[in-house]
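Below you'll find the structure, written out as structure tokens, and then a few comments.
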């Protein structure tokens, strides 16, 4: 798991009071928090960012798409990447 890796969200392992992602959503890893947990943004199936808000997820909540090429910094929103303007 590294910066730009693509994954599918499988669902929250704990009760989430403010769910941001639904099972089956595609995500990109844009960084890691102080505990080493992946910080993710929602993407579409092509890797295009579709939602500006990020959320820290547990690794067990993700299935990495090892076959998919990583997303470049230019396609990840600031402050984690270089994308400016609308995500779509």
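Since every read-out is calculated from the coordinates, none of them should be taken as a lab result. Since the model is a prediction, treat every value here as computed from it, not as a measurement. Cβ: placed from backbone, ideal geometry, glycine included. Neighbour counts: every protein chain shown.
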Legend entry - Fluctuation leader among 66, 49, 25 - the chain, Gaussian network, Cα springs under 10 angstrom: 66
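For Cα pairs less than 8 Å apart in space and 6+ apart in sequence, what is the mean separation divided by the residue count of the range 6-75, i.e. the relative contact order in percent?
Values: 127 pairs, mean separation 23.8, N = 70.
So the answer I get is 34 percent.
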Inset, instruction - Under a 10 Å cutoff between Cα atoms, tell me which one of 77, 59, 19 has the largest fluctuation in the Gaussian network model of the chain. - result: 19
Inset, instruction - Once you have the Kirkwood Rh of the range 6-75 from its Cα pairs, apply Stokes-Einstein at 4 °C and 1.567 mPa s and quote D in µm²/s. - result: 106
Legend entry - Exposure proxy ranking, count of Cβ atoms within 10 Å, fewest first, for 61, 45: 45, 61
